[in-house]
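These notes concern the structure reproduced below.
The values are calculated or read from the model by the stated rules, or taken from the named source; none is laboratory data. A quick note: this is a predicted structure, and the numbers were derived from the prediction, not measured. Glycine also receives a Cβ, built like all others from the backbone with ideal geometry; neighbour counts cover every protein chain displayed. Only protein heavy atoms, including side chains, enter the accessible area calculation; ligands, DNA and RNA are left aside. Shrake-Rupley method; radii C 1.70, N 1.55, O 1.52, S 1.80 Å.
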Amino acid sequence: DDEQLEKMNQLIALYEKVGYKCLKTSATENAGIEEVQELMKDKINVVSGHSGVGKSTLINALDPNLNLKTGEISDYHKAGKHTTAFSEMFELATGGYIIDTPGIKGFGVIDMEKEEVSHFFPEMFKLSSECQFHNCTHTHEPKCAVKPAVESGEISMTRYNSYLSIISDDEE
């Protein structure tokens with residue numbers, strides 16, 4: 001619906017602003033599939049995400065010959081059901097390979113210092129050299145370059161909150 005389309009467009013704008021390529025696709029309507037196929041051609045690709053979001057459905061749209069098992073949408077939860085039990089790599093008819101993975105419940109940070117997490121947020125990493133301290137966590141330190149960028153809107157509050165969530169999860 002219009003509300004969902006607006007949310008999608010906001011997310012696309014947010015992620016493209018920091019340098020990620022975003023594609024509008026629909027596996028069920030076969031929209032944008034050719035562009036994804038072209039990007040995956042002659043590469044090894046992995047599809048990862050939460051359980052029941054349509055990873056196997058997307059792979060079937062990319063290569064219908066694979067005919068991977070997919071689950072029905074739950075009437076109660078209005079979401080897909082977990083169907084992939086283990087990771088498996090398939091050769092794509094258009095060239096290359098794709099790895100289908102089981103759904104995940106969340107991501108963790110292993111063997112990474114809290115000060116390194118911002119390196120995986122390009123918009124924060126770009127400014128981190130302007131912070132007073134080389135090991136700035138962008139939370140409480142004086143003369144941090146990231147916090148004012150969040151306040152001015154240069155860095156999205158949504159992305160900053162995701163960053164804070166990751167470093168607080170790591171502490172727990």
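General observations
- Residue among F121, F125 that is in contact with a helix residue (DSSP H, G or I) (Cβ under 8 Å, 6 or more places away or on another chain) and open to solvent by 50 Å² or more (accessible area, probe 1.4 Å): F125
- Within region 1-53, the set of residues being of a type in the set (A, V, I, L, M, F, W, C) and in contact (Cβ under 8 Å) with a residue 60 or more places away in the chain comprises L14, V18.
- The listed residues are E113, E151, and the only one of them that is farther than 30 Å from G52 by Cα and at pLDDT below 95 turns out to be E113.
- Matching option when the condition is open to solvent by less than 70 Å² (accessible area, probe 1.4 Å), at pLDDT 90 or above and among the aliphatic types (A, V, I, L, M), among A79, A13: A13
- Checking the stated criteria, N67 turns out to be at pLDDT below 95, under 26 Å from T94 (Cβ atoms) and surrounded by fewer than 12 Cβ atoms within 10 Å (Cβ to Cβ).
- Taken over region 132-159, the criterion of being without any contact (Cβ under 8 Å) to a residue 60 or more places away in the chain and assigned to a helix (DSSP H, G or I) is satisfied by V146, K147, P148, A149, V150, E151, S152, M157.
- Taken over region 128-154, residues that are open to solvent by 50 Å² or more (accessible area, probe 1.4 Å) and under 14 Å from S165 (Cβ atoms) amount to 1.
- Residue among V46, V53, V36 that is assigned to a helix (DSSP H, G or I) and open to solvent by less than 100 Å² (accessible area, probe 1.4 Å): V36
- Test: residue in region 86-99 that is on the phi > 0 side of the Ramachandran plot and either at pLDDT below 85 or of a type in the set (V, I, T) (or both): no
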